[in-house]
Amino acid sequence: CDHAAVEWMCREAPQDVIHLDHIGVPFNRNAEGKLDRRMLGGNGVPRAAFASDLTGHMVLNTLYEQFIREGLPAYEEWLATSLVVEDGVCRGVLALELGTGKLEAFNARAVVLATGGAGRLYDSSTASQSCCGDGMSLAYRAGLSLIDMEMVQYHPFGFRDRATFASEGALGDGVILCDEAGQPVVSTPGLPLRDELCRSLAASGARAVLDFRALGKERISARFFYLARVANELADISLDKEPLPIQPRMHRILGGVQTDLSGATAVPGVFAAGECASPGVHGANALAGNALTAGVVFGRRAGTAATAYVQAAPSGGIADTVVGDTERELEAVFSRSSGEDTVVKIYRELAAKMADKVGLVRDETGLQDAAECVAALKTRYTQVGLRHRGKVYNHELLTWYELGSLLDVAQAVVVGAQARKESRGVHQRGDFPITNDTEWQQHSLVTAGPAGPSLATCPVNTG
């Protein structure tokens with residue numbers, strides 16, 4: 001971790017939680033009416049404020065309510081296709097309206113990327129369909145560096161057959177992690193880190209389950225309202241009557257767009273926050289609860305910094321030629337004939353290869369295989385045609401754009417994983433099992449170039 005980033009998050013998070021409480025986030029209360037807190041993996045004390053098992057969702061809804069109250073303009077069902085950078089300064093974005101197929105330039109003195117992560121890069125993940133790494137890709141193509149992309153975190157409590165997961169707060173609330181014979185898997189009094197638990201489950205080959213039955217129906221409903229519902233609807237399981245089968249699933253990439261403590265990037269006018277960005281608080285192994293905390297703290301900081309930047313930045317427009325060039329590129333995609341290869345086929349091969357060769361434990365042979373596969377898929381991507389030629393709600397075109405983003409992210413992940421010849425946190429190399437502080441206690445930076453991605457390093461801020 002960068003120490004300054006951790007210090008700022010720890011210093012500012014309490015006031016941000018209180019602010020969220022004041023604007024309506026329905027946090028759970030204890031018997032005294034104060035904010036309740038729960039124990040999460042890797043924590044020494046219960047320190048996570050929570051809203052049942054829907055904390056992120058509740059925060060998002062409450063902030064969206066404030067957005068609506070302010071009457072801010074919103075452009076829904078648009079896809080940002082590129083950042084427009086002229087003379088080294090961001091001038092705005094180009095975006096495609098899905099309902100019309102129209103490409104339009106949005107002039108902006110500042111752009112804040114808050115697009116989420118890239119969980120769809122793996123075929124066994126906890127991520128929703130929207131987590132396609134598009135913000136990371138927009139920044140990468142604009143010349144910005146992606147930092148620590150090899151740090152891919154898995155969640156131990158993924159549903160066995162569904163792209164969702166159980167809250168890690170379950171163990172802290174008395175839920176028992178067992179093998180299918182009913183024998184407890186976790187015997188230590190504290191909660192282990194996610195990576196340790198994932199690797200333990202994977203190495204043992206145990207088909208693990210979470211047993212909620214001791215909590216009783218009332219407590220399950222109070223503490224795990226969302227989980228109880230999705231377990232019933234997606235897995236046909238009643239948590240008060242039977243255990244929930246689970247397995248480790250890819251959860252999130254801990255790296256992202258390199259930013260400073262205010263969310264600013266190396267391109268003036270471009271800011272980033274949330275899961276697409278990396279201010280330096282996660283290091284090689286994010287503590288449970290810190291991702292949402294970092295999103296809140298550094299999201300606010302990025303918004304504040306972008307506002308200050310806009311007030312001082314000179315105005316400037318986007319040249320008409322930029323839109324015209326992109327429109328011609330789009331027409332070229334539609335002009336390519338469709339063959340046996342498809343966008344969906346390429347995506348499935350990519351997700352399967354990443355899960356197989358760039359998963360919980362990697363090695364040079366597997367990473368080289370993945371690198372060659374990603375390069376070949378990128379070539380196929382530039383040649384694939386679309387079967388649907390209409391521009392109105394063309395979901396194949398949307399998937400084509402998202403696949404391009406995922407291929408960029410995949411390349412950055414593989415390049416970083418190949419270079420880091422050690423094991424550290426969530427990055428585990430079977431051929432380099434030892435942590436090498438002498439050479440690798442530093443960040444990795446992947447930047448796009450004419451000849452492909454390049455890798456550099458920068459020191460960890462320990463001051």
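The values are calculated or read from the model by the stated rules, or taken from the named source; none is laboratory data. Here the structure is a predicted model, which is why all the values come from computation and not from measurement. When we count neighbours, we look across all protein chains shown, and the Cβ atoms used for this are built from the backbone with ideal geometry, even at glycine. Just so you know, the surface numbers come from the protein's heavy atoms only, side chains and all, with ligands and any DNA or RNA stripped out. Shrake-Rupley method; radii C 1.70, N 1.55, O 1.52, S 1.80 Å.
Numbers for the structure displayed
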| quantity | calculated |
| --- | --- |
| Qualifying positions in the stretch 19-47 - hydrophobic (A, V, I, L, M, F, W, C), touching a residue at least 40 places away in the same chain (Cβ under 8 Å) and either in contact with an Asp or Glu (Cβ under 9 Å, 6 or more places away or on another chain) or assigned to a loop (DSSP other than H, G, I, E, B) (or both) | Ile23, Met39, Leu40 |
| Subset of the stretch 14-34 (residues that are surrounded by 15 or more Cβ atoms within 10 Å (Cβ to Cβ) and in contact with a Lys or Arg (Cβ under 9 Å, 6 or more places away or on another chain)) | Asp16, Asn28 |
| Options Arg37, Arg11: the member that is basic (Lys, Arg), more than 20 Å from the chain's Cα centre (by Cα), on the phi < 0 side of the Ramachandran plot and surrounded by 13 or more Cβ atoms within 10 Å (Cβ to Cβ) | Arg37 |
| Any hit, the stretch 56-67, residues being within 19 Å of the chain's Cα centre (by Cα), of a type in the set (Asp, Glu) and either in a helix (DSSP H, G or I) or more than 29 Å from Cys10 (Cα to Cα) (or both) | no |
| The stretch 320-343: number of residues that are in a helix (DSSP H, G or I) and small (Gly, Ala, Ser) | 3 |
| Restricting the stretch 351-374 to residues that are surrounded by 15 or more Cβ atoms within 10 Å (Cβ to Cβ) and of a type in the set (Gly, Ala, Ser), the residue that is farthest from the chain's Cα centre (by Cα) | Gly366 |
| Single condition Ala228 does not satisfy, out of (1) assigned to a helix (DSSP H, G or I); (2) of a type in the set (Gly, Ala, Ser); (3) within 30 Å of Ala448 (Cα to Cα) | (3) |
| In the stretch 395-437, residue farthest from Lys353 (Cα to Cα) [restricted to those that are out of contact with any Cys (no Cβ under 7 Å at 6 or more places or on another chain) and of a type in the set (Asp, Glu)] | Asp437 |
| Number of the condition not met by Phe298 [criteria: (1) in contact with a Gly (Cβ under 9 Å, 6 or more places away or on another chain); (2) hydrophobic (A, V, I, L, M, F, W, C); (3) assigned to a helix (DSSP H, G or I); (4) open to solvent by 50 Å² or more (accessible area, probe 1.4 Å)] | (4) |
| Of all residues making up the stretch 408-451, the number that are assigned to a loop (DSSP other than H, G, I, E, B) and open to solvent by 30 Å² or more (accessible area, probe 1.4 Å) | 13 |
| Subset of the stretch 232-255 [crowded, with 16+ Cβ neighbours inside 10 Å and free of Cβ contacts under 8 Å to residues at least 24 places away in the same chain] | Ile237 |
| Tally, over the stretch 125-164, of residues that are open to solvent by less than 30 Å² (accessible area, probe 1.4 Å), at positive phi and of a type in the set (Gly, Ala, Ser) | 1 |
